[in-house]
1. Cross-link list Lys160/Lys188; Lys68/Lys99; Lys48/Lys121; Lys107/Lys163; Lys125/Lys184: which exceed 22 angstrom alpha carbon to alpha carbon?
2. With everything on Cα atoms, drop me the angle between helix 147-156 and the longest principal axis of the chain, reported from 0 to 90° to the nearest 10.
3. What is the angle, in °, between the Cα long axis of helix 19-35 and the longest principal axis of the Cα atoms in the chain? Nearest 10 is fine, range 0 to 90.
4. Express the accessible area of the chain per residue in Å², computed with a 1.4 Å probe while the remaining protein chains stay in the model.
5. Enumerate the amide H contacts of Lys163 below 5 Å, restricted to partners 5 or more residues apart or on another chain; note that Pro and chain-start residues carry no placed amide H.
6. Distance between the C-alpha centers of region 172-204 and region 71-130? Whole Å please.
7. Give me the percent of accessible area attributable to carbon and sulfur for the chain, probe 1.4 angstrom.
Amino acid sequence: MLDEQSVKDILTRKFNFSKLDLELLGIFVEKLLNFNQKYNLISKSTEKSVWERHILDSAQIIDYIEFKEDTSLSDFGTGAGFPGLIIALYNKKRSFHVKLYEKSSVKCSFLKECLQLLNIKAEIKSGNVFDNQIDSEYLVFRAFKKLPELLKISRENHKKSHKMIILKGKNAQEEINKALKTEKFDYKLFSSITDSQSKIIVSNVVK
């Protein structure tokens, strides 16, 4: 397990997080752990490894994003803000928009408090994701539903070309093989930097 300082070193060296970014992340982690004493935002078993299991795990998708002007990213089932809030904190372009989709009112309240506390620009969207029309250039999924349902969101709720970034566990290839039996899609599979067995599925969807 990587300790806090080791993760901060990676965030600085590999992803160019600034000193201020790291300070804000520290404030966020403190609030998260305090909030988690009453509400189950993250698993209790991951509290001691929050910097690696949640912060770094979220930050690694920066490698698959181009932070262009007038572009947006939608994070589905963001929960406590992973990975969307971490991306919003990192983002320096004011016209790159991050949208946080979360159904839980408790988690939405936590996210709202965090955005205000950290002065982060992001939009919180509550309710059922299947009831929304999506228009972002990036769709991000972390611990959110099985692959066929994610492909359904991409197919039915999105009308323009986009990139899907999906964080999955050790059964990623198995899920892909099963999904390919009923639906065709192009993808690339990358290894997670926080877990050798976990994978990141990146799929460019052309419409």
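1. Lys48/Lys121; Lys107/Lys163; Lys125/Lys184
2. 70 degrees
3. 90 degrees
4. So the chain comes to 52 Å² accessible per residue, rounded to a whole number.
5. Placed amide hydrogens put Tyr138, Leu139, Val205 under 5 Å from Lys163.
6. Cα centres, region 172-204 to region 71-130: 24 Å.
7. 47 percent
The values are calculated or read from the model by the stated rules, or taken from the named source; none is laboratory data. Not measured: the values here are computed from a predicted model. The accessibility values were calculated without ligands, DNA or RNA, using every heavy atom of the protein model including side chains. Shrake-Rupley method; radii C 1.70, N 1.55, O 1.52, S 1.80 Å.
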